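A.B. asks: If you scroll down you'll find the structure; I have some questions about it.
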Amino acid sequence: MTSLDLSPADPTGLKVDAVVVGVAQGDDGPVLLAGADRVDAALGGDLVRTLTALGAKGKADETTKVPGRGRKLKALVVLAVGVGKLKGGAPTLEQVRRAAGAASRALAGTGSAAYALPATDLEHVAAVAEGALLGAYSFGTYKSTDRTEPLGSVTVVTATAKGRGGRAARAVAERARTVAEAVALTRDWVNTPPRDLAPLAFADAAAAAAKDLKLDVQVLDDKALRKGGYGGILGVGQGSANPPRLVRIAYRGGGRGGKHVALVGKGITFDSGGLSLKPADAMVTMKCDMSGAAAVLAAVVAVAKLGPKVNVTAYAPMAENMPSGSAQRPSDVLTTYGGKTVEVLNTDAEGRLVLADALVRACEDSPDLVVDVATLTGACVVALGTRVSGIMANDDDVRDAVHAASERAGEQMWPLPLPDELREKLDSPVADIANVGERWGGALSAGIFLREFVSEGTRWAHLDIAGPAFNEGSAFGYTPKGGTGAAVRTLVRVVEDVAEGRLRP
């Protein structure tokens with residue numbers, strides 16, 4: 001992964017291949033941001049004029065390269081990156097984070113770069129570091145030719161790196177590195193072709209990621225799932241030649257009696273829809289249907305490295321949803337873990353079936369808070385688009401606290417309701433509940449279905465990341481094409497909020 005360092009030095013004197021400066025979109029053209037003054041001076045004070053002549057506007061994600069000049073600037077290239085229009089006179093943390101990511105993407109294949117973006121306080125140092133590392137991601141495992149290497153090293157230029165503030169600056173930079181590594185791990189798993197990441201391989205990869213950390217790893221194979229009565233996971237996986245798994249990874253940073261957060265993630269390693277077969281075009285990206293499981297597993301690995309004083313358990317039910325002679329049929333009834341029966345009216349509404357088992361099992365650990373993450377419904381994408389996740393909860397305070405955590409993490413999420421009147425639409429004449437209701441409000445009905453498997457008195461939030469988990473369009477900011485690592489940063493922030501008392505389960 002791209003290396004990270006901090007420097008309090010004048011960016012013009014750093015021996016790097018490129019120096020990154022920020023520009024905002026002004027009424028009359030680009031406007032230099034804090035941190036660019038010395039670079040501008042080294043270029044004779046005409047950086048704005050040069051950028052304007054090259055057509056730069058300062059729009060978000062816009063990058064413009066200018067040659068360095070001799071002895072006054074050791075870098076060969078100056079890269080100006082836009083943050084867009086300012087509100088309140090200074091860029092927001094997300095504008096800075098996104099600009100740093102766009103710069104890293106533009107510098108792919110470059111050996112080293114110094115980021116002279118606004119980083120006057122610890123929050124902005126963290127934003128620059130995180131954005132730069134997230135933007136430097138690449139997935140070239142399966143490329144035999146034309147593989148572009150990511151930016152080699154990042155140096156964040158900030159005055160906070162010296163004096164008494166140096167230790168704090170290094171701490172936030174280290175946190176940024178750890179979180180970025182977790183996001184990259186999630187992206188790698190999501191981008192891996194499904195033939196190479198069936199449930200067994202995914203479970204093995206999760207165990208490998210947890211190795212050498214203070215984590216307890218448990219993997220239930222299909223025999224153990226059958227013995228334990230995990231009918232939801234088994235029902236979804238029974239049509240595949242690749243048997244299902246349930247992975248449980250536990251971090252015990254809070255000690256006996258400490259606060260406990262359970263994270264549950266949907267891990268459908270490929271979703272054909274089962275006998276309720278998807279159209280061919282809709283299957284192309286269905287390797288991403290395990291994004292929720294990838295997020296919770298990577299998040300608990302990051303938490304173990306960060307060491308907050310809280311207990312965290314991640315549950316990842318993994319199955320491949322395939323059509324075959326052994327696949328579950330519409331109108332089959334499954335008995336989920338804990339005994340509740342579900343009539344399967346649509347085999348393509350499979351994520352909620354594996355989550356049902358995992359939610360009941362997670363609640364047996366008596367957590368103070370349960371957060372599940374899933375690429376659950378196309379309806380959520382219709383409602384919120386491809387860049388915003390939905391948040392539902394059985395407690396308004398929890399929903400609001402998770403939303404606040406997502407905003408601080410820089411991930412777009414929006415609160416959605418769980419209308420009680422939709423529950424009757426899930427009634428079944430032959431089972432305790434059906435796995436689908438009416439067409440309207442599909443994301444909400446899915447949330448209501450999941451709520452049925454959360455024990456009474458347990459505070460719970462559900463994140464539907466169906467839109468942001470996989471980027472089918474062009475890369476933007478620090479977000480690449482393909483797997484995005486959605487929800488990892490929010491989950492880590494939620495865990496830290498519980499540990500620090502900002503979120504009180």
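A.B. asks: For segment 1-104, build the charge dipole from Cβ charges (+1 Lys, Arg; -1 Asp, Glu) around the Cα centre, then report which of GLY26, PRO91, ALA42 sits farthest towards its positive end.
C.D. replies: With unit charges placed on the Cβ atoms, the residue in question is ALA42.
A.B. asks: Another question, then. Jot down the per residue volume, in cubic angstrom and as a whole number, of the convex hull over the alpha-carbon atoms of segment 87-180.
C.D. replies: 98 Å³
A.B. asks: For segment 334-379, what is the Kirkwood estimate of the hydrodynamic radius, computed as the reciprocal of the mean inverse distance between distinct Cα atoms, to one decimal in Å?
C.D. replies: Over segment 334-379, the inverse of the mean reciprocal pair distance is 11.8 Å.
A.B. asks: Spin-label point model (7 Å from Cα, Cβ direction): what's the SER455 to ASP146 distance in nm?
C.D. replies: 5.4 nm
A.B. asks: In whole Å, what three semi-axes, largest first, describe the equivalent ellipsoid of segment 3-136 built from its Cα gyration tensor (square root of 5 times each eigenvalue)?
C.D. replies: Rounded to whole Å, the semi-axes are 19, 18, 13.
A.B. asks: Tell me the angle of helix 122-135 to the major Cα principal axis of the chain, expressed in degrees between 0 and 90 and rounded to the nearest ten.
C.D. replies: 70 degrees
A.B. asks: As I understand it, the dipole of the chain uses +1 on the Cβ of Lys and Arg and -1 on the Cβ of Asp and Glu, about the Cα centre. Which of LEU491, GLY307, GLY55 lies farthest toward its positive end?
C.D. replies: It is GLY55.
A.B. asks: If we count other beta carbons within 10 Å of each Cβ, what is the order of ILE233, ILE433, ILE249, ILE391, fewest first?
C.D. replies: Going from least to most buried by this count: ILE433, ILE391, ILE249, ILE233.
A.B. asks: Give the cross-link partners of LYS87 among the aspartates and glutamates, using a straight C-alpha distance below 14 Å as the criterion and excluding same-chain residues fewer than 8 apart.
C.D. replies: ASP27
A.B. asks: What full-extension length gain, to one decimal in nm, is calculated for ALA241 and ARG387 as 0.36 nm per residue of separation minus the Cα-Cα distance?
C.D. replies: Result: 49.2 nm gained on full extension.
A.B. asks: Hey, another quick one. For the Cα atoms of the chain, what angle does the longest principal axis make with the long axis of helix 351-363, in degrees from 0 to 90, nearest 10?
C.D. replies: Tilt relative to the chain: about 90 degrees.
A.B. asks: Given R₀ = 56 Å, what would the calculated FRET efficiency be for ASP10 paired with ASP212, taking r from the Cβ atoms and rounding to 0.05?
C.D. replies: Efficiency at R0 = 56 Å is approximately 0.90.
A.B. asks: Moving to a separate point now. Which residues make up the longest stretch of the chain clear of chymotrypsin sites (Phe, Trp or Tyr not before Pro) that lie in a DSSP loop with no more than 12 other Cβ atoms within 10 Å, not counting the sites?
C.D. replies: Counting only loop sites that pass the neighbour cut-off, the longest clear stretch is 143-439.
A.B. asks: Could you work out how far apart the two model spin labels at SER474 and LYS305 are, taking each label as a point 7 Å from the Cα in the direction of the beta carbon, and quote it in nm?
C.D. replies: For the pair SER474/LYS305, the computed spacing is 3.1 nm.
A.B. asks: Using a basic spin-label model with each label point 7 Å from the Cα along Cα→Cβ, how many nm lie between LYS72 and LEU54?
C.D. replies: According to this spin-label approximation, the distance is 1.7 nm.
A.B. asks: Just give me a number: lysine pairs in segment 184-500, eight or more positions apart or cross-chain, with C-alpha atoms less than 27 Å apart.
C.D. replies: Lysine pair count for segment 184-500: 29.
A.B. asks: What ranking of LEU43, LEU297, LEU450 emerges when the number of other C-beta atoms within 10 Å of each C-beta is taken as an exposure proxy, fewest first?
C.D. replies: Result, fewest neighbours first: LEU43, LEU450, LEU297.
A.B. asks: Ratio of alpha-carbon Rg to the 2.2 N^0.38 Å globular estimate for segment 184-500, to two decimals, please.
C.D. replies: Dividing the Cα radius of gyration by 2.2 N^0.38 Å gives 0.89.
Coordinate-derived values only; no laboratory data. Remember, it's a predicted structure, so these values are computed and weren't measured experimentally. All Cβ positions, glycine included, derive from the backbone under ideal geometry; neighbour counts span all protein chains shown.
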